[in-house]
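In what follows, a structure is listed as structure tokens, so that the remarks can point back to it.
Each value in this text was obtained by applying a stated rule to the coordinates, not by laboratory testing. Predicted model, so just to flag it, every value in this text is computed and none were measured. Backbone-built Cβ (ideal geometry, glycine too); neighbour counts: all protein chains shown.
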Amino acid sequence: MSTIPHVINGERHEAPGTLPVFNPATGEITGHVPVPDAAFVDDVIAGARRAAATWSRSTLSERTNILFTLRHLIVEHTDELARLITAEHGKTLADARGEIARGLENVEYACGLNELLKGSFSPQVATGVDVHSLREPVGVVAAITPFNFPIMVPLWMTANALATGNVVILKPSERDPSVSVRVAELMKEAGLPDGVFTVLQGDASTVNQLLEHPGIDAISFVGSTPVARHVYRTATTAGKRAQALGGAKNHMVVMPDADLDVAADAAINAGYGSAGERCMAISVVVAVGDVGDRLVPKITERLDRLVVGPGDDPRSDFGPLITAAHRDRVAGYVARASEDGFTVVRDGTTVDLGPGFFLGPCLIDRVRPGTPAYDDEIFGPVLAVVRVETYADAVALINANPYGNGTAIFTRDGNTARHFTRDVTVGMIGVNVPIPVPVASYSFGGWKDSLFGHAHMYGPEGIAFYTRAKVVTTRWPQPSESQIDLGFPTTR
Ligand code: NAD
């Protein structure tokens, strides 16, 4: 059993660990995470501020070269990184490799920083006057991340923040922090100077110090909605710019004209992949018209073929949940759904796979809003089916939901699909695509309680979030062109 270190100046910094990290497939404690005191956090931030003074002035070619090398190193180390993720998160190795690939997209996008940081220039806006714009780094960014994507979400933030000349302090989830340690070492190997990227382990108390500390300029947060709301309020009250992405309840609408085999496959993949512990997981299937009677048997027959098991067993379709407490909480929703009179078509809470935190797939039909099975983000392998009469009922249901992260429609009618993309109050929409996570050249963000702040994550909005704009107005007058004139300058 080991202590999971901080990484400062690319070197492991050991400290006594107190928070247990589990292998969710076995239930064993495999390590402990230290929780730093305030003086330690102060020192880390002071080091980051020193590094920011030089890194913010590094050349674009220096940063590009480091990012290209980092991309190469992450590709080379994919299997090692995937194993670290699976050992602490529990997801399958294939899923972990997929997460790495989606995170890597952001490094590749950031490699184009010469294009991304181009300013604009307007000659002769008035006689002899030119204007140009530029964007400068914000300074020191604190990146605070959730357990469910221990490498992808840190890369969402870090790639663009570093590319734009910021220094990053990453506070990873205390549940699966080891992969961040390796990423920090790979960054050092890629040539990132000391102090530019730090992994600061810790818990909520560590986050709260970062939120209020005057040495931090910007906060990028991804996690659950109550914490995202708290993070956004606290950081902005302390005068920082902040983006805080929260939880989700993602609906997949299935229209009567949809190919129901395609829709059933999609519901299985998006509902139970990674044991449902994805912020873009489908948790509600909205069956329109008579679809429910035809679709539920198709989902059920596929469900019965799923294999639940350790993430490092290639036969497993999905692995365990993150902790025993979370598994029990998820199981509680299924028991409550039964008490609420809903049809529990499949109850995976009875699966017995030893001491690991496993739960089999659960399917609950005829769920209604106003009950925990519908209202809460369950974050487990539990799919709810809500039956509605019409397309308009489906849209009304989605728009009344406080979350607005992702949604999808399954139909063969382009006109319905087009209306759907305009009608729903949700940030990311799939048309016959159940998990519409945007590619890295677009930005990721939900609406309503799924995002606090206006800036979406990564892509163009990420570049804007990590930079401040300057506009320079220039004139080189000859002495003969100079005169006293106290009027407000105009371009006429
Ligand atoms: P979490 O909110 O419990 O933790 C996220 C981070 O916040 C961790 O680093 C944790 O140490 C810290 N934290 C926890 N409680 C805190 C508190 N009271 N004060 C300050 N900091 C605190 O989330 P989680 O359980 O690790 O992750 C799962 C959640 O994240 C789900 O709700 C999921 O939907 C959401 N998520 C959202 C997105 C998105 O893009 N919208 C992506 C991934 C995950």
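What to note about this one:
- Interchain or long-range residues, amide H under 5 Å from Val129's placed H: Gln124
- Pairs over the 28 Å Cα-Cα cut-off, from the set Lys91/Lys240; Lys188/Lys249; Lys91/Lys249; Lys448/Lys470; Lys118/Lys448; Lys118/Lys249: Lys91/Lys240; Lys188/Lys249; Lys448/Lys470; Lys118/Lys448; Lys118/Lys249.
- Cβ-Cβ FRET estimate between Ser120 and Phe488, R0 fixed at 41 Å, reported to 0.05: 0.95
- For the range 10-16, Karplus couplings with θ = phi - 60° (6.51, -1.76, 1.60), whole Hz, Gly/Pro x: x, 10, 5, 10, 6, 8, x
- Cα coordinate range in the chain, projected on the principal axes (Å, largest first): 86, 57, 39
- Computed FRET value (nearest 0.05) for Ala204 with Asp328, which takes r as the C-beta separation and R₀ as 22 Å: 0.55
- Cβ-Cβ distance of Asn65 and Asp375, R₀ of 45 Å, FRET efficiency by 1/(1 + (r/R0)^6): the value works out to about 0.35.
- Basic side chains Lys and Arg get +1 at the Cβ, acidic Asp and Glu get -1 at the Cβ, and with that the dipole of the range 250-431 about its Cα centre reaches some 200 debye.
- Positive end of the dipole of the chain (Cβ unit charges, origin at the Cα centre): among Thr474, Gly289, Gly47, the Cα lying farthest that way belongs to Thr474.
- Ordering Pro314, Gly165, Tyr391 by the projection of their Cα atoms onto the charge dipole of the chain, which places +1 on the Cβ of Lys and Arg and -1 on the Cβ of Asp and Glu, puts Gly165 at the extreme positive end.
- Rounded to the nearest 20, the size of the Cβ-charge dipole of the chain about its Cα centre is 1160 debye, with Lys and Arg at +1 and Asp and Glu at -1.
- Listed residues Pro214, Gly191, Val227: farthest to the positive end of the dipole of the range 178-235 (Cβ charges): Val227
- Estimated dipole of the range 67-155 in Debye, rounded to 20 [Cβ of Lys and Arg +1, of Asp and Glu -1, Cα centre]: 100 debye
- Shape of the range 250-431, Cα gyration tensor, a/c cut at 1.5: prolate
- Within the range 256-280, backbone nitrogen closer than 19 Å to the virtual label 7 Å beyond the Cα of Asp340 toward Cβ: 271-272, 276-277
- Spin-label proximity, Glu11 to the range 184-219 - amide N less than 20 Å from point 7 Å beyond Cα toward beta carbon: 184-201
- Annotation for Asp290 and Leu134: the two label points, set 7 Å from Cα along the Cα-Cβ direction, are 6.8 nm apart.
- Value at 222 nm in deg cm²/dmol, rounded to 500, when DSSP H runs of n ≥ 4 in the chain each add -39,500 (n - 2.57): -12000 deg cm²/dmol
- Per DSSP, loop trypsin sites (Lys or Arg not before Pro) in the range 72-139 with at most 15 further Cβ within 10 Å: Lys118
- Overall form of the range 193-336 per C-alpha gyration tensor (a/c, 1.5; a/b vs b/c): prolate
- By the count of other C-beta atoms within 10 Å, a proxy for reagent exposure, Phe221, Phe121 are ordered fewest to most as Phe121, Phe221.
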